[in-house]
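Read through the structure below, which is laid out as structure tokens, and then see the notes.
The values are calculated or read from the model by the stated rules, or taken from the named source; none is laboratory data. From a predicted model like this one, the values you see are computed outputs, not experimental measurements. Every residue, glycine among them, receives a Cβ derived from its backbone with ideal geometry; neighbour counts consider all protein chains shown. With ligands, DNA and RNA removed, areas are computed over all heavy atoms of the protein, side chains included. Shrake-Rupley method; radii C 1.70, N 1.55, O 1.52, S 1.80 Å.
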Amino acid sequence: MISGNIQKARSEAEIYWIVKYGIKMTGMPAFGPTHGEDELWGLTVLVKEIPRMNPDHYRQLAEQENGMGHGHGHAH
Ligand code: HEM
């Protein structure tokens, strides 16, 4: 996923759909039932942007997210 090939091949709308409904028979879960529209779009944008990020940038964004009340409760 990090290589960026998927991000080039798929449009934002396609990624959104995949994140929301999952892909049957692959283990790719549907996040629609457990995540709201805002979160699904956030994940979509993350999938698109992540190949252009470095670990520090990612960490910075993750910390901001936690500050906004969307933590997943990781200890680090
Ligand atoms: C338990 C976690 C997850 C598992 C086991 C999982 C597994 C998979 C699998 C097996 C595929 C299909 C690959 C293929 O058919 O070639 C897939 C595709 C995909 N997954 Fe996940 N996934 C997980 C979490 C996530 C998360 C958190 C996201 C993003 C929010 C995500 C985004 C995608 C996308 C965008 C694709 C489509 C790739 C394409 O264009 O072919 N996945 N995932």
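What to note about this one:
- In the range 33-46, the residues that are part of a helix (DSSP H, G or I) form Cβ pairs under 7 Å with partners that are open to solvent by less than 60 Å² (accessible area, probe 1.4 Å) and charged (D, E, K, R), at six or more places apart or across chains, as follows: L40/K20.
- Within the range 12-26, being hydroxyl-bearing (S, T, Y) and either part of a helix (DSSP H, G or I) or within 11 Å of V47 (Cα to Cα) (or both) holds for Y16, Y21.
- Lone unmet requirement of (1) surrounded by 13 or more Cβ atoms within 10 Å (Cβ to Cβ); (2) modelled with pLDDT under 95 for L40: (2)
- Taken over the range 1-39, the criterion of being under 21 Å from A62 (Cα atoms) and within 8 Å of the ligand (Cβ to nearest atom) is satisfied by M1, I15, V19, F31.
- Tabulated pairs, the range 1-27, first surrounded by 11 or more Cβ atoms within 10 Å (Cβ to Cβ), second of a type in the set (S, T, Y), C-beta under 8 angstrom, 6+ apart or interchain: E12/T44; I15/T44; Y16/T44; V19/T44
- Here F31 passes the criteria (1) modelled with pLDDT under 90; (2) open to solvent by less than 80 Å² (accessible area, probe 1.4 Å) except the one numbered (1).
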